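Below is one structure; the comments refer to it alone.
Since every read-out is calculated from the coordinates, none of them should be taken as a lab result. Being a predicted model, the structure only gives us computed values, none of them experimental. Cβ coordinates were reconstructed from backbone atoms using ideal geometry, including for glycine residues, and neighbour counts include every protein chain displayed.
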Amino acid sequence: MEALRKKEGYTYSDYCNWPDDERWELIDGYAYALAAPTITHQRVSGEIFRQLSNFLRGKRCQVFDAPCDVRLNAQGFDDDVVQPDILVVCDEKKLADGKSVVGAPDLVIEVLSPTTASYDRIQKYKLYQRVGVREYWIVDPDEKLLMVNILRAGRYSSFLFFEDDEAVPVEVLDGCSINLTEVFEGL
C-alpha cells in the first residue's frame with residue numbers, strides 16, 4: 001500500500017481537516033487511504049469483536065472496532081494515526097479526549113485484505129512494536145490463520161495459530177481466548 005497524499009509530514013491536525021467520508025491513516029506523517037472492507041473481512045472482524053465484547057462485559061478493559069482513531073504519538077509530534085480493525089484499551093486515561101484513543105492500545109487486531117496485507121505485516125507491525133502495543137494480531141481469512149505477536153523487551157515474539165487451533169489465548173486479557181473455528185466458520 002503506497003502513501004497517497006503527496007506531502008510528507010502530515011499531523012493529526014491535518015488529518016482532522018480531511019473529508020469525513022474518506023478514511024485515512026498516518027504513519028510517520030505519510031497518509032495512506034483505507035479501502036472499504038470486504039464481506040469476508042467484516043464477518044471475521046465481527047466474530048472476533050463479538051467474542052471479545054462478550055468476554056469484556058463488566059470488566060475495565062474496553063473493545064472498539066473500526067473506524068476508531070488511535071493517536072499513537074499524541075504526547076509528541078502527532079504523526080501516527082491508525083484505525084485498527086479491532087482494539088482493546090485497558091487504561092481509561094487513553095480515552096479521556098472522548099474522540100480518539102490517545103496512546104498505544106493493549107491489543108490491536110488487523111484482518112488482512114488483498115490491498116492491505118503487506119502494509120499490515122510490515123509498516124503496522126514495525127509501528128505497533130515501536131510504540132509499545134503489547135499484543136498485535138494479524139488475521140488472514142484466506143489462509144485461515146492467525147499470527148499473534150507478543151511484545152517482550154521491546155520486540156515482538158510471534159506465534160502462528162490455525163483454524164483447527166480452536167482456543168487462542170489473549171495474553172493481555174487474563175482468562176480470555178478466541179475460538180478460531182467460529183472466526184473462520186463458513187469461509
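Provide the net charge surrounding Leu173, with neighbours chosen by a C-beta distance below 10 Å and charges set as Lys +1, Arg +1, Asp -1, Glu -1.
Result for the local shell: -3.
When only C-alpha pairs under 8 Å and at least 6 residues apart count, what is the relative contact order of the range 31-187, in percent?
Working: 265 pairs, mean separation 27.6, N = 157.
Relative contact order for the range 31-187 comes out at 18 percent.
Pairing rule first: another cysteine's C-beta must sit under 4.7 Å. Under that rule, which cysteines of the chain stay single?
Those would be Cys16, Cys68, Cys176, since no other cysteine Cβ in the chain comes under 4.7 Å of theirs.
How far, in degrees from 0 to 90, does helix 39-56 lean away from the longest principal axis of the Cα atoms of the chain, to the nearest 10?
Relative to the chain, helix 39-56 is tipped by roughly 80 degrees.
By the scheme Lys and Arg +1, Asp and Glu -1, what is the net charge of all other residues having a beta-carbon under 10 Å from that of Leu107?
-2
Just need the relative contact order of the range 1-123 here, percent rounded to a whole number, with Cα pairs under 8 Å and 6+ apart. Let's see the in-between values first.
Details: 192 pairs, mean separation 30.3, N = 123.
Relative contact order of the range 1-123: 25 percent.
In terms of modelled amide H atoms, which long-range or inter-chain residues lie less than 5 Å from the amide H of Asp69?
For Asp69, whose amide H was placed from the backbone, the distant partners under 5 Å are Val101.
Do any of Lys94/Lys144; Lys59/Lys99; Lys94/Lys126; Lys124/Lys144; Lys94/Lys124 go past 23 Å between their Cα atoms, and which?
Listed pairs above 23 Å: Lys94/Lys144.
List the residues whose amide H sits under 5 Å from the amide H of Asp85, counting only those 5 or more places along or on another chain, with H placed 1.01 Å from N in the peptide plane.
For Asp85, whose amide H was placed from the backbone, the distant partners under 5 Å are Ile109, Val111.
Taking each pair of distinct Cα atoms in the range 136-179 once, what is the resulting Kirkwood hydrodynamic radius in Å? The partial results should precede the final answer.
Values: mean 1/r = 0.0905 Å⁻¹.
After inverting the pairwise mean of 1/r, the radius is 11.0 Å.
Ordered by packing density, taken as the mean number of other Cβ atoms within 10 Å over each peptide's residues, highest first, how do 146-157, 78-89 rank?
Working: 146-157: 15.0, 78-89: 23.1.
Ranking the peptides 146-157, 78-89 by packing returns 78-89, 146-157.
Using a 10 angstrom cutoff on alpha carbons, build the Gaussian network for the chain and name the most mobile of Val133, Val168, Val101.
Val168
For the chain, what value does the Rg/Rh ratio take when both radii are computed over Cα atoms and Rh is the Kirkwood radius, given to two decimals?
My calculation of the ratio gives 0.94.
So which residue, out of Asp106, Asp165, Asp20, gets the largest mean-square fluctuation from a GNM of the chain using Cα contacts under 10 Å as springs?
Asp20
Per residue, how big is the convex hull of the range 90-166 when only Cα atoms are used? Give it in Å³.
111 Å³
Please give the net charge around Phe49, taking every other residue with its beta carbon less than 10 angstrom from that of Phe49, where Lys and Arg add +1 and Asp and Glu add -1.
-2
Can you compute 3J(HN,Hα) from phi for each residue in the range 163-175, using the Karplus curve 6.51 cos²θ - 1.76 cosθ + 1.60 with θ = phi - 60°, rounded to whole Hz and x for Gly and Pro?
After applying 6.51 cos²θ - 1.76 cosθ + 1.60, I find 3, 7, 7, 4, 9, 9, x, 9, 4, 7, 10, 3, x Hz.
As a test of the formula, what do you get for the chain when each DSSP H run with n ≥ 4 contributes -39,500 (n - 2.57) and the sum is divided by the residue count, at 222 nm and rounded to the nearest 500 deg cm²/dmol?
On the way: 4 runs with 35 residues, N = 187.
Roughly -5000 deg cm²/dmol at 222 nm, from the helical runs in the chain.
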